[in-house]
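Q: My questions all concern the structure below.
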Amino acid sequence: VSYKDLRGMKDDEFVDILEERRCSSDLGHAFRTFNPQPYKGGPPCSAADLNKALLDSHFLHRVVKEVAMETGSSQEKVMEEAGEILVEMSHNLHLPFIRLMGYTFSKVIKRLFTSIFVNMDGLNTLQQAVQENPVILMPNHRSYVDFLIISYILFTYDIPVPVIAAGVPLAEMKIVGEILRRSGAFFIRRSIGSDKLYWAVLSEYVRGIVRHGFAPVEFYVEGLRSRTLKSLTPKLGMMQMVLEPYFKGEVFDITLVPISISYDRVLEESLLARELLGVPKPKESTAGLLKASRVLQEDYGSMQVNFGQPLSVRKLCEGKINRSYYNLVPRDLPMKPSAEALACVSWLAHVVVGLQERGSLISPWSLMACLLIQEPTTVLAEQGLLWDDLTEKTLWLRKMVLDFGARLNWPGEAPNSAVMSSAISLHRSIVYLKAGRVYLTQEEVPLRRHRISPEEGVFRTAVPVLMLAAYRNQSLHALVRPAMLAMSICITRSTQRDELFRFFCFLQEVFANEFIFIPGNLSQDFEEACLCLNSCGAVYISEQEVRVSEQSSEVITFLQKLLQPFIDSYQLIFRCVCEEEQVQVFTEKQFLAAVRALALKLILSGELHTYETLSSDTQKNVLSALCRLEAVAKSEINEFKVNKAAVRRITDALCKSRQGSITIFNYNYSVSSIIQVQLQLH
Amino acid sequence: MASSSSGGSGSGSEMQRTAQHRISVIAGHLRRPAEGDVAVRAEECKAPQSRLEASGDGRTVPMKRHEVMKWNGWGYSDSRFLFNKKGQAEFTGKRYKLSGMILPALKDWFEGTFGASLQHKSPATPLLNTSAVQAPTLNQDFVEELKSIGVPFSHEAEDRAFRGHGHCLHEIFALREGKIGRVPDMVVWPNCHNDVEKIVALACKHNVCLIPYGGGTSVSSALECPPEETRSIVSLDTSQMNRILWIDEKNLTAHVEAGIIGQDLERLLNESGYCTGHEPDSMEFSSLGGWVSTRASGMKKNIYGNIEDLVVHIKMVTPQGVIEKSCQGPRMSTGPDIHHFILGSEGTLGVVTEVTMKIRPVPEYQKYGSVVFPNFEQGVACLREVAKQRCAPASIRLMDNEQFMFGHALKPQVSSIFTSFLDGLKKFYITKFKGFDPSRLCVATLLFEGNREKVLQHEKQVYDIAAKFGGLAAGEDNGQRGYMLTFVIAYLRDLGMDYYVIAESFETSVPWDRVLDVCRNVKARVVRECKDKGVQFSPLSSCRVTQTYDAGACVYFYFAFNYRGLSDPVHVYEQVEHAAREEILANGGSLSHHHGVGKLRKEWMRETVSEVGVGMLQSVKDYVDPKNIFGNRNLL
Ligand SMILES: Cc1cc2nc3c(=O)[nH]c(=O)nc-3n(C[C@H](O)[C@H](O)[C@H](O)COP(=O)(O)OP(=O)(O)OC[C@H]3O[C@@H](n4cnc5c(N)ncnc54)[C@H](O)[C@@H]3O)c2cc1C
């Protein structure tokens, strides 16, 4: 089945790799001849060679010496420790296990997904790229299913399978840990802190793999699985390790391959929502995994894996990195990277995340989620939303995101209405369709309980709402720039480009943990936002001005409302930190509890309509933002100290938005007739 | 095992026999034995006008160079590669071992490597169009006074055009197209130090620009006339200052005029049983003064040292007068060594006129050798170990796989010294039996020198080390052929240029721990740049490690590509070379190991020697030559 959308994917041929799995033997697939073209850059080496080279390296010996000096233990002892770390860490990539994994994987994914679409030309370019330079595969991370899918695909298409950075907790799972290890996983501890020896072993281990081009390296630049399905601020440690061989001239170039994995429906959806609401995540365990097997009974629609264009680190770093920085010291001297190198690493990581976003395919359901979540929750839960309104609006939105240049996976063969109703039925855990109206799904109250407390009620509602928010987030990357411009227009009520640009920058700054922007790319982002709004007729642009066109005000309204929950949450939390009268200093735990309590209270009293404020992700993002904006200072012992005046200044700047949103309501928002007041914080 | 050409027995034979042997040794990797018998003359400096006519009194370089050498290519006019009517490559002339031989494998290698074809020719302009040479700007007063002191000179177009260039690709390419840029306005031939003093004094008096010219083998645009120079430019050709003035057998030194070229110096010394051991690949044509001025390096520096190790005393004429030391002490602590202002001055401070050099008795025995490694990485590791143990032979060079293949393409059809039967067996043994990957293996060539017993001992030591790195001895022929390659490579470039293929080489020095990185990255950079710049065929990008030191190595790169379809091939080539140099510097390589800076690499001097370093050099220049008489504008 080849499958294209109306735009955007025109030149990519997406192929459903499950189709062949359904009509030929999985065993045959697992035992296929696997004969990939290897990296041409150096003589082949084994995993054992790599480990030996690491333990023999001057670099490690230098560090061992240092550590021995600092801790007062003997060098032999420290060396032994290093050896143990390596044993815990290292992968043991083994073809027979790849086959075993392939076989099992075939069975499981055929159950879970109706199809897995992969862009073939992405694979073809990758096949070439792995021969030329060391390759880093950089998928986004939205589900545990991501973990082996890349290996599975590469195995199927005769491309060297990667070694994959994983968290140590995975290694600790019985049997599964070992299977993963032999499938190419290597394991990194969660909190390394300032453990010098560990850092040394890890970084040299990673560099060694890259230097020798042993295998493609796969890691999640976001560090974690995103619980909100939104991109996370990239983590730089691993990124720096993989790039260093290039900075030091140990390889000619490194190829980064952003990979965008999108799901129609994410396996862990409700689990994630619960975690965000404070129900702690169960520890990874094999038993837990088996328990989760009921998850396997459900339908998760299709999955899309889009291999992005390979990026040449050398090209990207041109003019950004002075490689001769390392010329006057021994190569194996442990050295802090230059400030320039750090900035470059961060920039590259953001670029990759940006490309992961742009490579993601937006599902019809995600568009619907964008609209559904704009309805007041009580309305959605009790009165429901007219199906016809929703479909009409979804098609309107589809056109808009296509104008914005986003990539959709709107199946071309089926009629639109069928596409949308099947999306609804796939997501019956969130909404359901009844008598021409769409309602929010709420968990049944256990029979033996007659009453649930109002607080419990809020949480019961919050679960599907946060799930809905997560699916909305799948579209955010395509909408966030124009939405910020729309928000700037509403808040500043200016038409002057430079004023709008200033506010746009301010919003980016405040929401930098929420939405990922490439550092130093402000003008381009703003430009893009203007062009987007212009392309759908929402604004006219000239040298100096950005002017809203009266006929298309619904675009502005929609976009502004898209961001409103974020604005609301941030404001509430700002208020919360300023209100805390006596406490000046708090821990993260206290902070989360205080915010949650306040949000709960205000939701119950009907003053707050944004359930997302309850999400620990939002709460943590606000805290990070305040730290970044230096309105909150984090101490050595992880306590936070508020500078209330500074927080108020930020609040004030954002506060204009209250007027902004009120103004917006005066526009005639045609489709939804049940608009309520947004947020009143007095 | 000893090769037939080096069978001297060390039985206390007289100087004469050793010298005879020595000549055949040089011929071993260079050329046929000299025919003329020229004695060392310790004669007075005379400047006979008549010598202008009497070109070639046994010396290789006549005043009228273009009568024996190509005006638009490398080397002797009678020696060149061509594809004959049957499409086979052959080397013409009688001078070299390879002369008159057929190289059956070259055509396929050439067409295969470059995508070139014998159908697509790009022949050079055969004759110099003298009218394309700008009329000379003469300083009449200078000319008149020059006449009065009796130093021969010329302002004929052929003489001037010949001295307006070195051997960079862009220089030769332009000549082949018949393009002549700014060239010297006249050429003078001083006969001795005193002549030079007079010329320099006149130049200062009349504000004439002087450019010293030695062998003309510069590969740094050092000999190019600055186009912005408005004064009359005079090329000071040192070729007639070519005598060995004395040999001091007690101290083992020789006092030599700086214009002597390498092969003559060695030949003459050999006749007395001595040698300098300084053998740059260009030694057929480059001069002693040129070596001093560029800090040259010879193939056998492991035994004899580089030029800076070889000189004991230097005399240079500058606008401020003559600079020299007062004695010939082997080492001095008298402040910064003034020799080091002269070494590498690239003709910007004055003319080197006489040099006292160390000499050594001609070695009794010489032996080539070669080692095949499974890959370049192993080869480099072996060279590093050899350097660590300080047991490098006279020469040790490691060619990468591309050059190894190239070397094979140069095998002559039949010849006594190049066995062909054995090769097949060896190849089979190495690839099939030992499992070497033919597309990865590489070869090190070796040259041992000394007394026979020691050579054999030394040889064993080196082969034992090689074995630890997976190296297999691959015979003397491979070694000898490797060295031959370096002497004919410049001729081969001319052949390439007849068929749309342009080529250049460049070098660097680099610490041991970066050798592999520099080699890999620079080669890859060349390939990528060629692609980016629109070169339609994949280029040849190759390297070899040519010298080892305690703390690093010298690396030599070759690159060549088929330029069909490019509108401005020289510009593309310049961009590629520029990028390659940037790559070298970024990876911790030096701006140059021995070719020098000239004008080609000037732009990187500041970052190479620091701001203060440049200031230091500049202040020396300002003092020594305030009027910029030596105005070739190299270095700074
Ligand atoms: C095929 C080939 C192989 C080469 N191999 C080597 C090699 O193995 N090792 C190596 O070191 N180089 C090598 N070179 C580079 C070149 O041969 C050297 O730089 C050599 O030292 C130049 O000597 P020359 O006499 O030809 O000088 P020229 O090319 O005539 O001049 C070079 C510079 O020195 C100045 N100069 C020349 N003579 C004097 C003098 N008497 N007084 C003051 N200034 C003077 C000139 O003004 C000019 O700036 C090679 C070049 C070629 C083309």
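The values are calculated or read from the model by the stated rules, or taken from the named source; none is laboratory data. This structure is a prediction, so every number in the text was calculated from the model and none was measured. Don't worry about glycine lacking a Cβ; one is built from the backbone with ideal geometry, like all the others, and counts go over all protein chains shown. Surface accessibility is based on the protein's heavy atoms, side chains included, excluding ligands, DNA and RNA. Shrake-Rupley method; radii C 1.70, N 1.55, O 1.52, S 1.80 Å.
Q: Within the set of pairs 6 or more residues apart or between chains, which connect a residue that is under 18 Å from B:Ser542 (Cβ atoms) and open to solvent by 20 Å² or more (accessible area, probe 1.4 Å) inside the range B:554-581 to a residue that is among the hydroxyl-bearing types (Ser, Thr, Tyr) and outside any loop (DSSP other than H, G, I, E, B) with Cβ atoms less than 7 Å apart?
A: B:Tyr556/B:Ser505; B:Tyr556/B:Thr546; B:Tyr558/B:Ser505; B:Tyr558/B:Ser542
Q: Something else now. From the residues in the range B:494-521 that are of a type in the set (D, E, K, R) and away from every other protein chain (no Cβ under 13 Å), which one is farthest from A:Tyr246 (Cα to Cα)?
A: If we take residues in the range B:494-521 being of a type in the set (D, E, K, R) and away from every other protein chain (no Cβ under 13 Å), then B:Asp498 is farthest from A:Tyr246 (Cα to Cα).
Q: Against the definition (in contact (Cβ under 8 Å) with a residue 40 or more places away in the chain, away from the ligand (no atom under 13 Å from the Cβ), closer than 22 Å to B:Glu354 by Cα and open to solvent by less than 10 Å² (accessible area, probe 1.4 Å)), how does B:Val151 come out, yes or no?
A: For B:Val151, the condition - in contact (Cβ under 8 Å) with a residue 40 or more places away in the chain, away from the ligand (no atom under 13 Å from the Cβ), closer than 22 Å to B:Glu354 by Cα and open to solvent by less than 10 Å² (accessible area, probe 1.4 Å) - is met.
Results for (1) touching a strand residue (DSSP E or B) at 6+ places or on another chain (Cβ under 9 Å); (2) surrounded by fewer than 18 Cβ atoms within 10 Å (Cβ to Cβ), shown as yes or no for each residue.
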residue	(1), (2)
A:Val305	yes, no
A:Pro310	yes, no
A:Arg323	no, no
A:Leu328	no, yes
A:Lys336	no, yes
A:Ala341	no, no
A:Leu348	yes, no
A:Gln356	yes, no
A:Pro364	yes, no
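Q: Turning to a different aspect of this structure: Are there any pairs with C-beta distances below 7 angstrom linking a residue in the range B:462-474 that is in a strand (DSSP E or B) to a residue that is open to solvent by 50 Å² or more (accessible area, probe 1.4 Å) and at pLDDT below 95, with the two at least 6 apart or on different chains, and if so which?
A: B:Leu472/B:Lys434
Q: Restricting the search to the range A:136-186, which residues are surrounded by fewer than 20 Cβ atoms within 10 Å (Cβ to Cβ) and under 24 Å from A:Cys45 (Cβ atoms)?
A: A:Tyr157, A:Asp158, A:Glu178, A:Ile179, A:Arg182 - these are the residues of the range A:136-186 that are surrounded by fewer than 20 Cβ atoms within 10 Å (Cβ to Cβ) and under 24 Å from A:Cys45 (Cβ atoms).
Q: Could you please find all residues in the range B:444-461 being assigned to a helix (DSSP H, G or I) and open to solvent by 30 Å² or more (accessible area, probe 1.4 Å)?
A: B:Arg452, B:Glu453, B:Lys454, B:Leu456, B:Gln457, B:His458, B:Lys460, B:Gln461
Q: Going by what's in this entry, would B:Arg295 be described as of a type in the set (Lys, Arg), closer than 22 Å to B:Tyr483 by Cα and more than 7 Å from the ligand (Cβ to nearest atom)?
A: Against the criterion (of a type in the set (Lys, Arg), closer than 22 Å to B:Tyr483 by Cα and more than 7 Å from the ligand (Cβ to nearest atom)), B:Arg295 qualifies.
Q: Just to verify a result, which residue in the range B:585-619, among those that are within 16 Å of the ligand (Cβ to nearest atom) and within 14 Å of chain A (Cβ to nearest Cβ), is surrounded by the fewest Cβ atoms within 10 Å (Cβ to Cβ)?
A: Ranking the candidates gives B:Ser590 first.
The rows are residues; the columns are (1) under 31 Å from the mean Cα position of the chain (by Cα); (2) part of a helix (DSSP H, G or I); (3) within 14 Å of chain B (Cβ to nearest Cβ).
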position: A:Val15; (1), (2), (3): yes, no, no
position: A:Arg22; (1), (2), (3): yes, yes, no
position: A:Pro36; (1), (2), (3): yes, no, no
position: A:Tyr39; (1), (2), (3): yes, no, yes
position: A:Asp49; (1), (2), (3): no, yes, yes
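Q: Pick from B:Ala553, B:Ala579, B:Ala560: which is within 14 Å of chain A (Cβ to nearest Cβ) and among the aliphatic types (A, V, I, L, M)?
A: Residue meeting the stated conditions: B:Ala579.
Q: Residues B:Ser154, B:Ser148, B:Ser79, B:Ser131: which one is touching a strand residue (DSSP E or B) at 6+ places or on another chain (Cβ under 8 Å), among the small types (Gly, Ala, Ser) and farther than 21 Å from B:Ile502 by Cβ?
A: Residue meeting the stated conditions: B:Ser154.
Q: Pull up the range B:246-283, narrow it to residues that are hydrophobic (A, V, I, L, M, F, W, C) and more than 28 Å from B:Tyr76 (Cβ to Cβ), then point me to the one that is farthest from the ligand (Cβ to nearest atom).
A: In this case the residue turns out to be B:Leu252.
Q: For the list (1) in contact with a Ser or Thr (Cβ under 8 Å, 6 or more places away or on another chain); (2) surrounded by 15 or more Cβ atoms within 10 Å (Cβ to Cβ), I need the number of the one condition that A:Leu563 fails.
A: Evaluating A:Leu563 over (1) in contact with a Ser or Thr (Cβ under 8 Å, 6 or more places away or on another chain); (2) surrounded by 15 or more Cβ atoms within 10 Å (Cβ to Cβ) leaves (1) as the failure.
Q: If B:Phe110 satisfies every condition in (1) open to solvent by less than 50 Å² (accessible area, probe 1.4 Å); (2) modelled with pLDDT under 90 but one, which is the exception?
A: Here B:Phe110 meets the rest and fails (2).
Yes/no per residue for (1) more than 30 Å from A:Ile153 (Cβ to Cβ); (2) touching a residue at least 12 places away in the same chain (Cβ under 8 Å):
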site	(1), (2)
A:Phe307	no, yes
A:Gly319	yes, no
A:Pro334	yes, yes
A:Ala341	yes, yes
A:Ala349	no, yes
A:Leu355	no, yes
A:Arg358	no, yes
A:Leu371	yes, yes
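Q: Okay, moving on. Being within 27 Å of B:Pro280 (Cα to Cα), within 11 Å of chain A (Cβ to nearest Cβ) and open to solvent by 10 Å² or more (accessible area, probe 1.4 Å) is the filter here; which residues of the range B:522-550 pass it?
A: Within the range B:522-550, B:Lys523 is the sole residue that qualifies.
Q: Only one of A:Thr492, A:Thr557 is outside the structural domain of A:Cys370 (by TED's automatic domain parsing) and under 27 Å from A:Thr377 (Cβ atoms); which?
A: A:Thr557
Q: Could you name every one of the helices (runs of 4 or more DSSP H) located completely within the range A:253-370 that has at least 2 residues being farther than 30 Å from A:His58 by Cβ and modelled with pLDDT under 90?
A: By residue number, A:269-276, A:286-291.
Q: Quick check on the range B:122-143. Is at least one of its residues in a loop (DSSP other than H, G, I, E, B), touching a Lys or Arg at 6+ places or on another chain (Cβ under 7 Å), open to solvent by less than 60 Å² (accessible area, probe 1.4 Å) and within 20 Å of B:Arg493 (Cα to Cα)?
A: Checked the range B:122-143: at least one residue is in a loop (DSSP other than H, G, I, E, B), touching a Lys or Arg at 6+ places or on another chain (Cβ under 7 Å), open to solvent by less than 60 Å² (accessible area, probe 1.4 Å) and within 20 Å of B:Arg493 (Cα to Cα).
Q: While we're on this one: If I filter the range B:385-404 down to residues being buried (at least 20 other Cβ atoms within 10 Å of the Cβ) and in contact with an Asp or Glu (Cβ under 9 Å, 6 or more places away or on another chain), which single residue comes out as farthest from the other protein chains (Cβ to nearest Cβ)?
A: Across the range B:385-404, the extreme among qualifying residues is B:Ala394.
Q: Suppose we filter A:Lys196, A:Lys230, A:Lys235 for residues that are open to solvent by 20 Å² or more (accessible area, probe 1.4 Å), charged (D, E, K, R) and in contact with a helix residue (DSSP H, G or I) (Cβ under 6 Å, 6 or more places away or on another chain); which single one remains?
A: A:Lys196
Q: Taking A:Phe517 and the conditions (1) open to solvent by 40 Å² or more (accessible area, probe 1.4 Å); (2) touching a helix residue (DSSP H, G or I) at 6+ places or on another chain (Cβ under 7 Å), which numbered condition does it fall short on, given that it satisfies the others?
A: Result: A:Phe517 passes all but (1).
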